Amino acid sequence: MDLGNQFGKLAGKIGPVVGRVMDRWMAVDPGRLPLLNRLPPEQRHPAVVLTLLASLVLATLLIVWHTVQVGNRAGYVEISTRLQMLSQRYTKTAQQAVLGNKSAFAQLEESRKAFADGLNALIDGGAGVPSSPGFLRSDLEELRKRWDVSRKDIQTLIGQQTVLVELGQGLAEINQRNAELLDLTEQVIALLPADARKQLAFANQQALWSQRMAKNANALLSSDQINPETAYQLGQDLRTFREVLDGLLKGGGGLGVAAVSDASAREKLQELQDVFGRFEKQANHILKNMPQLVEAKRAAREIFDESEQLLTLTSKLTERYQGMGAGVSLFLAILFSLLALAALLVLGVINVGEARRRAEEAAQENQRNQDAILRLLNEMGDLAEGDLTVEATVTEDITGAIADSVNYAIEELRMLVQGINRAADQVNQATSDARASSDELLAAADRQSRQIAETTESVNQMSQSIVQVSRNAAESARVAEQSLATARKGGDSVRGAIAGMNAIRNQIQDTSKRIKRLGESSQEIGEIVDLISDITEQTNVLALNAAIQAAAAGDAGRGFSVVAEEVQRLAERSAQATRRIGAIVKTIQSDTQDAVNAMEASTQGVVEGTSRSDAAGQSLAEIEAVSDELARLIQSISDATQAQAGTAEHIAGNMRRILASTEQASDGARRSAESIGQLAVLSNDLKVSVSGFKL
């Protein structure tokens, strides 16, 4: 608050001083200023404006150049600082990649690409900055050489990503299985009997070997350099562990150890064998890929060694970028800005002087114009009273052109007033004639309107009559159509009955034929029955003869006599059946003859009925034809009547429109008469209004 008060007091003291200085500066005559006094007055203003514009353009260009330089310097510093960070980040990432960390490879590739892009941007330009200045080329080339070494090592690690990831996963499984190996080995030791000293010794030794194998496997992957002794020891321990495990399970071998007999211990040994199988697989995979692991560790170690050099080079490069100056451009920008300010002040002085001169000239010109205007107003006083005979004085002053225009306007106004007077007289005469014609036209229009109204009413009545006739004709057509439909239905029924009777006649004739064939068949059956009767009589005679022969034969023909008796009884039954069949056949023949007679009588009746039905059908067909013709004629009458009704309605509509048009014409004539009357009044008013002018 105190600082603000002090600043306000200081501004209050300095303000008046600055105001007085500016007043004195603006009061200076531009012709007394250095350099300007050598130029003509008309060239001073363009020269100062040109100087001002040139200074502003140069100052703007220098400021833009300075801003670009500062921005480039910030971009260079940002990129070089990022290179420092990347040189350390990919070093740590490389160590993780050697241990088989899968995500480390993606980070390593990202860091490699980012470092390469940043270095290329510094050398060749890019990422929003141009190429670095020439004095930094040597530093950038040295940085590129160092980076090429690390880049190749990074590519080596990325190329072995699959192997290293598998080794890392294998080491993780080894560490996981190591605890299981130790636990199972201790369980086997606990299950072995105390007197099995050699087995216990080997089992205890296996516990030690499992821990040493895990330690050596971790040492191979995590150490900076590969110790050949460690790799050899790991392979030796794997083989020894396998031999001891096989000896404990199977016995024999070069170790001289007997197989374990305890079932629980053997079960644990089997589990131990399974776990060791997975442990052994991963450990052998590490030993198998030792050359790739050695190469990867060498690359990681070299990356670590080069990282210090890269950090030093990038730090030095950052310092040199930060030391890039742009002081000259800033100084020149300030200098040209001050020059532009000075030119602006001089331009202000010139403009103030020019404004003063123009103000004096304007005051003199204004006084002359006021005198001329007063003179013109005095001359126009009579014109305001309606005197069109006055004339304004034409001079060289500003009012000269106005006076000339006023004189021309007065002359035109004089001619206009004279024309208005003549036109008013002509309008009065024309309106009188037009009013008389309009009255006659209005009376004729009223008569025509009444006549058209009467005609329209008659046409409407005729149209209504025709419409009623059309409706009656339509109703007659509808009734005729119904009669025609009924006649057609009756004809169809008669034709159906005739067809049915023809079908019955055909069926009766067919049935009669069948009955006749049945009679003929019954006659054939009678003939067959007569034949059977003859055969029966002959059989009876033969049976009688056979009985006689059998009786003559005595005991030898007794059996044949029995057969003859049976044949005779069969013949008698056949004769009885034949007689019954004959009676039935005669009955059938009698019934058949009666049926044939009845069928013939029915056929004759059907034929007669068919003849009558044909006659009735022909009569109905004639009725149908007459009804059809009648319906057609009635329909034609209905159509013609409807057409006449439409025509009458159209005529009535036209008459109504003519009546409406006539009424509109009457209204127009009436309005025209009124307008003519108003025009006469306006003409008189116009003549009165211009009567005040003096011509």
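Values for this structure:
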quantity: Filtered residue count, the range 95-126, keeping only those that are surrounded by 14 or more Cβ atoms within 10 Å (Cβ to Cβ) and on the phi > 0 side of the Ramachandran plot; calculated: 2
quantity: Residue among Ala474, Ala503, Ala434 that alone is aliphatic (A, V, I, L, M), at pLDDT 70 or above and surrounded by 16 or more Cβ atoms within 10 Å (Cβ to Cβ); calculated: Ala474
quantity: Given (1) farther than 30 Å from Ile226 by Cβ; (2) surrounded by 15 or more Cβ atoms within 10 Å (Cβ to Cβ), index of the condition Gln292 fails; calculated: (1)
quantity: Filtered residues of the range 83-115 (kept if under 16 Å from Arg144 (Cβ atoms) and at pLDDT 85 or above); calculated: Arg112, Lys113, Ala114, Phe115
quantity: Filter result for Gln282 (assigned to a helix (DSSP H, G or I), in contact with a helix residue (DSSP H, G or I) (Cβ under 8 Å, 6 or more places away or on another chain), touching a residue at least 60 places away in the same chain (Cβ under 8 Å) and not aliphatic (A, V, I, L, M)); calculated: yes
quantity: Residue count, the range 178-201 (criterion: out of contact with any Ser or Thr (no Cβ under 7 Å at 6 or more places or on another chain), assigned to a helix (DSSP H, G or I) and in contact (Cβ under 8 Å) with a residue 60 or more places away in the chain); calculated: 6
quantity: Qualifying position, being assigned to a helix (DSSP H, G or I) and touching a residue at least 40 places away in the same chain (Cβ under 8 Å), among Asn204, Asn216, Asn175; calculated: Asn175
quantity: Failed item, numbered, when Thr162 is tested on (1) buried (at least 17 other Cβ atoms within 10 Å of the Cβ); (2) under 23 Å from Ser223 (Cβ atoms); (3) free of Cβ contacts under 8 Å to residues at least 40 places away in the same chain; calculated: (1)
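The values are calculated or read from the model by the stated rules, or taken from the named source; none is laboratory data. Not measured: the values here are computed from a predicted model. Every residue, glycine among them, receives a Cβ derived from its backbone with ideal geometry; neighbour counts consider all protein chains shown.
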